[in-house]
């Protein structure tokens, strides 16, 4: 039996070390979210945006902060609320009282890693402003257009439980996210490990007083990776071989979502592109310089599920999008 | 005095003109109204005689005025059948006395149709509507509704089932064999090779009883199986690796799958998964 190590591509050694460093560093503060860390790395290396769906308290913010500090990337967080304005994100022109001239105040979007917390709580015009920037990677303030820093990655979160007072992202805007990952609860052992680590945090002295340390305090300020290494990793992803047979599999899956009788809306061509891009990054993370059908099947749920919509009849019959997607993936191999 | 005589003269003139305008329609077509006015008839007051279904003429007294010892009448008449009729035959005295002393007042109802062209039918007495049977009608409507519902629920489904039985889908084995042959011959297109890979995945998914498992988990489990894992890795090297470490002998690799049957897809014991 040929092991993964045996077929690992030697030319990506440096990138693999870089990725291992990130995973180790993140693993020190975040327990049991290996898959979401992998998805985050995929998003980072492919310049795709990531939407994380999960209930509060699953270490989403901690995870993104850990990755940004590890790779030495600028990080900003915006808590989306109903009264947020587009200018609160992209920035605005303000009148300088001293010079009596307008000065551009750049918003928090001018960062490398932006965490848009609870994106579905903001009004649609705010969501549009962010998603437009995500697509074009530049924003216009007044008459001036500014390019966003590179890399620029949005990691948005939404809570699937509390739907009161939220604005559901429309399909066209969901399509801008390369991946939508649904975070689950930890296993019993992982949860115990979280409690053990939390119990050992202690307090942090602050002047004459002290505050209880949090997981954020554990994150070292010193980055272990550099943006150059990230750029190298991004270039390496582009070197991952995609076979014609793999493209056949991808197109087959995407086409089946468009023809499935239980679906009203199938995947856009962007879904196929995202599947290939994400598969290349996953292959690299797993030490390969070529993609395999297993990458496709592993990523299908995160890439496809938010791009399909069930028909009225399927909803009435009690089907879920997950069930239909699994049906499609099973039929592909039938 | 002179003014009064002038007024009387004017009144007389007006009366004269009214008399001059009196209608004297003695001929009319069947069914049309006609008027005879200012007809002076002797004796006590007259009224139309009661009519029957057979009466050929309908007569109505519109107005009556005293006229010396006699009375002056305005009549309206409608002929129901063609012919000449004496209007006085259709009058009776209000006091019930005989009408023998009346002069003839002849009118004529003419027909626009040719003779014998049309004979009115006898009016059939209409049977009274049924007042009972509402309960029976409700029961009948209920049965009809129930039958309609059963037809909607079952007739279409039966039809669809029939269609399913008529269209026979090729089995996985039927689809796998020609692809294996094409690959062994070396004339398989990329699409055929990709489908072969998917069908071999399906083959092992069925054999290892992984059909209910998540697709991603199933592929991991298949790779852990000694025989299936080796096959898949060699297939992957052949199909997906840019530079395979060693050339793949596809004919030898696919030899066991050249004669697969539907039974070959039956699940094997899970003990095979290592």
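Of note:
- Residue that is farthest from the chain's Cα centre (by Cα), among those in segment B:220-248 that are farther than 18 Å from residue A:283 by Cβ and part of a loop (DSSP other than H, G, I, E, B): B:246
- When B:74, B:95 are screened for being part of a strand (DSSP E or B) and closer than 16 Å to residue B:46 by Cβ, only B:74 passes.
- Unmet requirement for residue A:26, which otherwise passes all of (1) closer than 24 Å to residue A:201 by Cβ; (2) in contact (Cβ under 8 Å) with a residue 60 or more places away in the chain: (2)
- Residue A:195 vs. criteria assigned by TED's automatic domain parsing to the domain that holds residue A:60, assigned to a loop (DSSP other than H, G, I, E, B) and over 13 Å from residue A:19 (Cα atoms): no
- Just one residue in the set B:84, B:97 is assigned by TED's automatic domain parsing to the domain that holds residue B:30 and within 13 Å of residue B:30 (Cα to Cα); that residue is B:84.
- Identity of the residue in segment B:212-224, more than 8 Å from chain A (Cβ to nearest Cβ) and out of contact with any helix residue (DSSP H, G or I) (no Cβ under 6 Å at 6 or more places or on another chain), that ends up farthest from residue A:300 (Cα to Cα): B:224
- For the condition surrounded by 20 or more Cβ atoms within 10 Å (Cβ to Cβ) and at negative phi, residue A:200 does not qualify.
- Residue match in segment A:40-50 (condition: within 22 Å of the chain's Cα centre (by Cα) and surrounded by fewer than 18 Cβ atoms within 10 Å (Cβ to Cβ)): yes
- Tally of residues being out of contact with any strand residue (DSSP E or B) (no Cβ under 9 Å at 6 or more places or on another chain), buried (at least 18 other Cβ atoms within 10 Å of the Cβ), in a loop (DSSP other than H, G, I, E, B) and without any contact (Cβ under 8 Å) to a residue 60 or more places away in the chain across segment A:145-178: 0
- Check on residue A:95, over 25 Å from residue A:216 (Cα atoms), outside the structural domain of residue A:306 (by TED's automatic domain parsing), touching a strand residue (DSSP E or B) at 6+ places or on another chain (Cβ under 9 Å) and in a loop (DSSP other than H, G, I, E, B): no
- Matching entry among A:258, A:232 (being touching a strand residue (DSSP E or B) at 6+ places or on another chain (Cβ under 9 Å) and at negative phi): A:258
- Members of segment A:305-334 that are away from chain B (no Cβ under 14 Å), out of contact with any strand residue (DSSP E or B) (no Cβ under 7 Å at 6 or more places or on another chain), on the phi < 0 side of the Ramachandran plot and not in a helix (DSSP H, G or I): A:317
- Only one of the listed residues (B:227, B:236) is facing another protein chain (nearest Cβ under 9 Å) and out of contact with any helix residue (DSSP H, G or I) (no Cβ under 6 Å at 6 or more places or on another chain). That residue is B:236.
- Odd one out for residue A:88, checked against (1) over 24 Å from residue A:230 (Cα atoms); (2) buried (at least 18 other Cβ atoms within 10 Å of the Cβ); (3) touching a residue at least 60 places away in the same chain (Cβ under 8 Å): (3)
- So residue B:197, is it in a helix (DSSP H, G or I) and surrounded by fewer than 17 Cβ atoms within 10 Å (Cβ to Cβ): no
- Among the residues making up segment A:27-39, those that are within 10 Å of the chain's Cα centre (by Cα) and crowded, with 22+ Cβ neighbours inside 10 Å are A:36, A:39.
- Scanning segment A:8-26 for residues that are surrounded by 15 or more Cβ atoms within 10 Å (Cβ to Cβ) and either part of a helix (DSSP H, G or I) or not assigned by TED's automatic domain parsing to the domain that holds residue A:190 (or both) gives A:12, A:15, A:16, A:18, A:19, A:21, A:22, A:23, A:25, A:26.
- Against the conditions (1) at pLDDT below 90; (2) under 17 Å from residue B:109 (Cβ atoms), residue B:13 satisfies every one except (2).
- In segment A:261-292, the residues that are in contact with a strand residue (DSSP E or B) (Cβ under 8 Å, 6 or more places away or on another chain) and either within 12 Å of another protein chain (Cβ to nearest Cβ) or buried (at least 20 other Cβ atoms within 10 Å of the Cβ) (or both): A:263, A:274, A:277, A:278, A:283, A:289, A:290, A:291
The values are calculated or read from the model by the stated rules, or taken from the named source; none is laboratory data. No experiment lies behind these values; they were computed from the predicted model shown. Cβ atoms come from the backbone with ideal geometry, glycine included; neighbour counts cover every protein chain shown.
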